[in-house]
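The values are calculated or read from the model by the stated rules, or taken from the named source; none is laboratory data. Being a predicted model, the structure only gives us computed values, none of them experimental. Here the Cβ positions follow ideal geometry from the backbone for every residue, glycine too, while neighbour counts run over all protein chains shown.
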Amino acid sequence: MRLPWTFLLLALPSLLSLHGCDPRSGDGAETLGPPISSYSEFLDFFEEWRAFQAPELRDGAPDYSAEAMARQHEALPEYKARLAAVDSSGWSVAEQVDLHLVRAEMNGLDFDHRVMRPWSRMPSFYKVVLPSETDVPAREGQVMHGAIELWQFVPPLDPDRERELDERLSVIPTILSQARENLVEDARDLWYLGIRVKEGESRALAAFAERAADHHPELATRALEARGAMDDFRDWLEAELPSRTGPSGIGVEAYDWHLKHVQLVPYTWQDQVTLVRRQLERAWGFLALAENRNRDRSALTMVESQAEYQMKYREAVSDFISFLQEEGIFTLAGYEEEALLAREGSYQPPEAGLREFFTQVNYRDLRPMRAHGTHWFDLARMEAEPHPSPIREAPVLYNIWASRAEGLATGFEEWMAEAGFLDDPQLRELVWVLLAQRAARALGELEMHANRMTLDEAAEFIVENTPYDWLTLEGGTVWREGQLYLEQPSYGTSYVVGKLHLDRLLADRRRQLGSAFSLQEFMDEFHAAGLIPLSLIRWEMTGLDDEIRMMDVGSGEEGSS
C-alpha cells in the first residue's frame, strides 16, 4: 500500500502526541519515548519516524523554509540516537534488515539536509504536477511532499475527488511563492532543468483544463490559475538563471557516503566508473558481433500504424508471459499479463514529431522492453501481495529501492536473452543498444556529480555513445534523465550496477545450492524479499552479510558537506 503524503502530514500531530511533544520544538530526547527493546516497539517507532520525516505545513503548503528545515535537522539526531540504541541481537535476519532500512532512511534525510538541500538548490524539487504514472514504487528523484499525481484525476470526477483536486490546485501559488524564498543556492544546471520542468507542468495543466472544461468548468479555471502561477515562477527562474553559475554535482566524497549509508550499495564512485565503463565497452563490442551475425538479414522495420502497434504489443506481452510460465522463470500470480496490457499506450505516427530513444527501440520490436516491464509486476505485487513487514509494505524513502527495481528490470533484458526469450540475433542487437545507452548515461551521471562534466557535456557524451543516433540532443529523453540523475545521485548507475549486483546474487545462490538450484525458487524468494537494496536481499537469501559488514552501515555519522 502506498501512503499518500496527506496521510503522513495529518498523522503527524497524533503520532507525536503519543510522546508528549513535537521533537522539532527542541525539547529533550527523553520526550521521544523509552528505549526500544522489541521488534514490535520498533514498528511503532517506524510510524513515528515516518511522521517526523514529513515536513510541517505553513499556509496549507509543505514548509521547506530555512527555519523549518533547520528545526527538522536539529531534531534528527534524537531519532538516530534512539535507533542506534536498539539491541537487535535476538532478532531474525529479516527483522535486522528492516532495522537497516530505517537507518538508511534516516541517513537519507540527513544527507538531504547536509548535501542535497533540494528545497534551496533545485527548482525542480517543487514539482507540483505529475502528469503520468511512474513504473517504480515511488517517484524517482527529489519530489516535494504534496505533488499532485494528475493522471489519477480523470474527468468526470465524483464530488469528493473534484473537491480534493480543487483544494490541492489552490495551494500551488502558495507553494511556488515559498519556493522563491527558499531557492537561494547557486547550481546552474539544476536551475536550467527547473525551467524545463515548469514548462512541462504548464503544458500538463493546460491539457487538464481542456479535458475538465465540459464536466468541471470551475476546476478547469482553477487549473488555469495554477498554470498562471507556474508560468510566473518559470519566468522568475529564467530571469535568475544568468546569475547562477555554480556547479550542480555533489562531489565524489559525498557521492561515496550516499552510496554506502543511504543506498547500501557496496561500490564506490570509482568502482562504478570502472564497472560501467566496462559495460559500455561490452555493449558496443557485442553489438558489433551481433551486427556481423545479422549482416545478411534485412534490418528490423518500424511499426507503421496503430493497428500494427496494438497487435504486436499484445503479441509481445502474450509471448513474454507464456515464456515465463513455460520456462519456469518465476511463479506467476495471475496479474502479470494485465499489468503489462494496461500500459499499452498508443502509436505515434512519423508526422507527430521526433521519435525518442525508447520509441526507436520499441517500434522495431516490442519484446525487449516487455522484459524491462517487470517494473509493472513489482507494482502489481505490492498491491495484490503487500509485504508482511510494514517497513517494506510501503515504498522505502529516498529511492533506496533503485538498485533492486532498476537493476532487475535492466537485468531481465539480458537474462531473457540468455534464457531464450530474446535469443533472436536481431533482438540481441536491441539488447546491446539498450545497455550502451544506459551505461553511457550512468557514466554521464558519475562525471556530473564529480563536477568533471556539465549537464551539456554529459548530454553530448551520452548521445555520442548511444548507437544508431537514436538518442538526440533535440529530444527530451537525454535532458529528463540528466535532471533525474543530478537530483538523485546513483539513480542513473542503478540500472547497470544494480544489474551486475543481481548477477552476483544469482551466482552466489547457484554456488550455494549446486545441482539443487532452481531459477524459479530463486526468483520467488527474490520477489518475496520486497523492493529493498540488493545488499540486504543478498543477506536475507544467502546468509552472506559480507557486503553489509564491508560497508559498516552503522550510524553513518561521519559525513561530508
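Considered as a group, the residues in the range 242-265 that are crowded, with 19+ Cβ neighbours inside 10 Å and hydrophobic (A, V, I, L, M, F, W, C) include one that is farthest from M550 (Cα to Cα), and that residue is I250.
The set of residues from the range 376-396 being assigned to a loop (DSSP other than H, G, I, E, B), of a type outside the set (G, A, S) and in contact with a Lys or Arg (Cβ under 8 Å, 6 or more places away or on another chain) comprises just one member, P395. Does E291 satisfy the criteria of being closer than 21 Å to N465 by Cα and touching a Ser or Thr at 6+ places or on another chain (Cβ under 9 Å)? Against the criterion (closer than 21 Å to N465 by Cα and touching a Ser or Thr at 6+ places or on another chain (Cβ under 9 Å)), E291 does not qualify.
Those helices (runs of 4 or more DSSP H) of the range 280-374 in which 3 or more residues are surrounded by fewer than 15 Cβ atoms within 10 Å (Cβ to Cβ) occupy 306-326.
For G475, all conditions in the list (1) closer than 25 Å to W401 by Cβ; (2) touching a Leu at 6+ places or on another chain (Cβ under 6 Å) hold save one; what is the number of the exception? Failed condition: (1). Please tell me if P217 is free of Cβ contacts under 8 Å to residues at least 12 places away in the same chain and farther than 30 Å from R370 by Cβ. Answer is yes for this residue.
So is I532 outside any helix (DSSP H, G or I), modelled with pLDDT of 95 or more and not hydroxyl-bearing (S, T, Y) or not? Yes: the conditions hold for I532.
Tell me yes or no: at least one residue of the range 266-277 is more than 30 Å from H100 (Cα to Cα) and surrounded by 13 or more Cβ atoms within 10 Å (Cβ to Cβ). Taking every residue of the range 266-277 in turn, at least one turns out to be more than 30 Å from H100 (Cα to Cα) and surrounded by 13 or more Cβ atoms within 10 Å (Cβ to Cβ). Note on the range 463-485: residues that are buried (at least 20 other Cβ atoms within 10 Å of the Cβ) and of a type in the set (S, T, N, Q) amount to 3. Among the residues of the range 110-142, the one identified as of a type in the set (V, I, T) and within 26 Å of E78 (Cβ to Cβ) is V115. For R203, are the conditions met, namely being without any contact (Cβ under 8 Å) to a residue 12 or more places away in the chain and surrounded by fewer than 16 Cβ atoms within 10 Å (Cβ to Cβ)? Judged against the criteria, R203 is a match. For G411, indicate whether it is of a type outside the set (S, T, N, Q), out of contact with any Gly (no Cβ under 6 Å at 6 or more places or on another chain), on the phi > 0 side of the Ramachandran plot and touching a residue at least 60 places away in the same chain (Cβ under 8 Å). Taking the combined requirement at face value, the residue does not satisfy it.
What about A212, is it under 29 Å from the mean Cα position of the chain (by Cα), within 17 Å of R163 (Cβ to Cβ) and surrounded by 21 or more Cβ atoms within 10 Å (Cβ to Cβ)? When the stated conditions are applied, A212 does not pass them. Condition check for L165 on (1) within 17 Å of the chain's Cα centre (by Cα); (2) assigned by TED's automatic domain parsing to the domain that holds W236: one failure, at (1). Taken as a whole, the structure leaves L544 outside the set of residues that are surrounded by 21 or more Cβ atoms within 10 Å (Cβ to Cβ) and either part of a loop (DSSP other than H, G, I, E, B) or among the charged types (D, E, K, R) (or both).
Would you say V115 is surrounded by fewer than 22 Cβ atoms within 10 Å (Cβ to Cβ) and either closer than 20 Å to E56 by Cβ or touching a Phe, Trp or Tyr at 6+ places or on another chain (Cβ under 7 Å) (or both)? No: the conditions fail for V115.
Yes or no, residue by residue, for (1) among the hydrophobic types (A, V, I, L, M, F, W, C); (2) outside the structural domain of T472 (by TED's automatic domain parsing); (3) in contact with a Ser or Thr (Cβ under 8 Å, 6 or more places away or on another chain):
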position	(1), (2), (3)
E281	no, no, no
L300	yes, no, no
F323	yes, no, no
I329	yes, no, no
A333	yes, no, no
F358	yes, no, yes
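For every residue, the table says whether it meets (1) in contact with a helix residue (DSSP H, G or I) (Cβ under 6 Å, 6 or more places away or on another chain); (2) without any contact (Cβ under 8 Å) to a residue 12 or more places away in the chain; (3) within 17 Å of V93 (Cβ to Cβ).
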position: S515; (1), (2), (3): no, yes, no
position: L519; (1), (2), (3): no, no, no
position: M523; (1), (2), (3): no, no, no
position: F526; (1), (2), (3): no, no, yes
position: L531; (1), (2), (3): yes, no, no
position: L536; (1), (2), (3): yes, no, yes
position: M541; (1), (2), (3): yes, no, yes
position: E547; (1), (2), (3): yes, no, yes
position: M551; (1), (2), (3): yes, no, yes
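Residue-by-condition table, conditions (1) among the charged types (D, E, K, R); (2) in contact (Cβ under 8 Å) with a residue 40 or more places away in the chain; (3) in contact with a Cys (Cβ under 7 Å, 6 or more places away or on another chain):
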| residue | (1), (2), (3) |
| --- | --- |
| E67 | yes, no, no |
| A75 | no, yes, no |
| K80 | yes, yes, no |
| G90 | no, no, no |
| N107 | no, yes, no |
| F111 | no, yes, no |
| P118 | no, yes, no |
| M122 | no, yes, no |
| V128 | no, yes, no |
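Remark: pairs (first residue in the range 285-311, polar (S, T, N, Q); second residue in a helix (DSSP H, G or I) and surrounded by 15 or more Cβ atoms within 10 Å (Cβ to Cβ); Cβ separation under 7 Å; 6+ apart in sequence or on different chains) = N294/Q426; N294/E429.
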